[in-house]
Amino acid sequence: MNGESASVVIIGGGAMGTSTAHHLAELGVTDVVLCERNTLGSGSTSKAAGGIRAQFTDELNIRIALLSLVEFRNFKERFGVDIDFREVGYLFLLDSDEDVQRFSQAVALQGSLGVLSTELTLDEVLELVPQLETEGLRGATYCPRDGHATPEAVVRGYAAAAAEKGVRIHQGVEVTRILVLGNKILGVETSAGRIKTDTVVCTAGVGSREVAALVGVDLPVIGEPRWMHYTPESGSLPEKLPLTIDFSSGFYFHREGPGLVFGGREPTIEGVATHATRRLPLLVDLPIQSSWWGYYEMSPDHNALVGEAADPSRFLYATGFSGHGFQQCPAVGEYLAERIVGIIPTLNLSAFSADRFARGESREEQFVI
Ligand SMILES: Cc1cc2nc3c(=O)[nH]c(=O)nc-3n(C[C@H](O)[C@H](O)[C@H](O)COP(=O)(O)OP(=O)(O)OC[C@H]3O[C@@H](n4cnc5c(N)ncnc54)[C@H](O)[C@@H]3O)c2cc1C
């Protein structure tokens, strides 16, 4: 590998890095090296719940979802990999009048962009999930076109498609330095030698802050550990179960094979259990088979950091997804590839550039779990 050169080096082989690699190859840029310090998908991507939704407050996130959903729906046909995309809907449970009002406004915005989200009565909630305890709830919203898929399978599909077109994927290779002269990138130093390049894409997840610091760029990302739990049983819950979120507590669950996965904001199962068993009492009787954790890559306004640094030039980045990075990988990867090639982007994400904070233009996404 030492002495290798590439038109583009991608740092990080999660959902974002592999999507970017695929979209570059689609645009004819195949002289690309992707470096992943562990194994593909081993970062936050493999820890994710796999949720995919268009129910956001920021118009850009809704547009990203609409674009990404098309790719997820057609993934098997296009990439030959079954990502187990289940269009079961997302159900948000709301226990305060303020939240009902915020979600009602968001449903109106989503509807204006073509999203089929709607407000539900508590009787309608119970038609979807009869086993819920609705005490204390003030309302709910639901979108039938939301759902969930398997993140590792998405990574596999993108990586295989990119590799088939000539993208070189190096696993177990860490980027340790980025070589810069003036404001130009000359190459990267890795644990396996040097690669000459003038373009670097940082999709290093929660490690993006350190990677960006190698070139003096500040990406304000903080890792927040989040736990998930798996039970191999699902009690009497319906087969078609929406990804259900108790918004104020952050407790959520969805079907996974014959059982359920669930999570929340608390670091211990006991902490999550308080909210979980109140809203879904049948959980008390289900065995926990496994638990795991990964990082949410939090940004200051809970929106993604996506763009290109001013100095050095040709340093692009995508991180800070604050809990919704898996589902945004199709649209964000496509945007990065289009920026690199220099064509008009399908969806302009320039408002997510990290220098928005210095410009006093931060934009908060409110529906973060
Ligand atoms: C419990 C949990 C539940 C979640 N649920 C959802 C959900 O339902 N829906 C959703 O959309 N999102 C969800 N997320 C968030 C989602 O997982 C992330 O936003 C997304 O996976 C980020 O993808 P990524 O490719 O940017 O980062 P990662 O998957 O973290 O990939 C970055 C990669 O970069 C590599 N790397 C870092 N530094 C270097 C270096 N110097 N050299 C080489 N390689 C390097 C790492 O090893 C890693 O593999 C969840 C996250 C967690 C933890």
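Quick rundown of the values:
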{"read-out": "Charged-residue dipole, Cβ positions (Lys, Arg, Asp, Glu), region 198-351 about Cα centre, Debye nearest 20", "value": "280"}
{"read-out": "Distant-in-sequence amide H partners of E256 (H built 1.01 Å from N, under 5 Å)", "value": "V261"}
{"read-out": "Charged-residue dipole, Cβ positions (Lys, Arg, Asp, Glu), region 40-154 about Cα centre, Debye nearest 20", "value": "600"}
{"read-out": "Integer Hz, Karplus 6.51/-1.76/1.60 couplings in order for region 319-331, x for Gly and Pro", "value": "6, x, 6, 6, x, 9, x, 4, 5, 8, 5, x, 5"}
{"read-out": "Neighbourhood charge, 13 Å Cβ-Cβ cut-off, centred on G257 and excluding it, Lys, Arg +1 and Asp, Glu -1", "value": "-2"}
{"read-out": "Distance between region 276-316 and region 102-179 - C-alpha centres, whole angstrom", "value": "12"}
{"read-out": "For region 208-213, Karplus couplings with θ = phi - 60° (6.51, -1.76, 1.60), whole Hz, Gly/Pro x", "value": "5, 4, 5, 5, 5, 5"}
{"read-out": "Stretchable slack from L116 to N38, in nm (0.36 nm times residue separation minus alpha-carbon distance)", "value": "24.1 nm"}
{"read-out": "Mean separation of Cα contacts under 8 Å (6+ apart) over length of region 43-189, as relative contact order %", "value": "30"}
{"read-out": "Nearest-ten-degree value, helix 59-73 long axis tilted from longest Cα axis of the chain", "value": "90"}
{"read-out": "Estimated dipole of the chain in Debye, rounded to 20 [Cβ of Lys and Arg +1, of Asp and Glu -1, Cα centre]", "value": "1080"}
{"read-out": "Among 164-174, 237-247, the order from most to least packed when residues are scored by Cβ within 10 Å on average", "value": "237-247, 164-174"}
{"read-out": "Residue-by-residue Karplus 3J(HN,Hα) for region 80-92, coefficients 6.51, -1.76, 1.60, Hz, glycine and proline x", "value": "x, 10, 7, 9, 6, 6, 10, 8, 9, x, 10, 10, 9"}
{"read-out": "Relative contact order (%) - criterion: Cα under 8 Å, at least six apart; region: region 177-240", "value": "18"}
{"read-out": "Candidates A192, A318, A276, ranked by Gaussian network fluctuation over the chain, Cα under 10 Å, top entry", "value": "A192"}
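Here, each number is a calculation from the coordinates, and none is a lab measurement. Here the structure is a predicted model, which is why all the values come from computation and not from measurement. We place every Cβ from the backbone using ideal geometry, glycine too, and count neighbours over all the protein chains shown.
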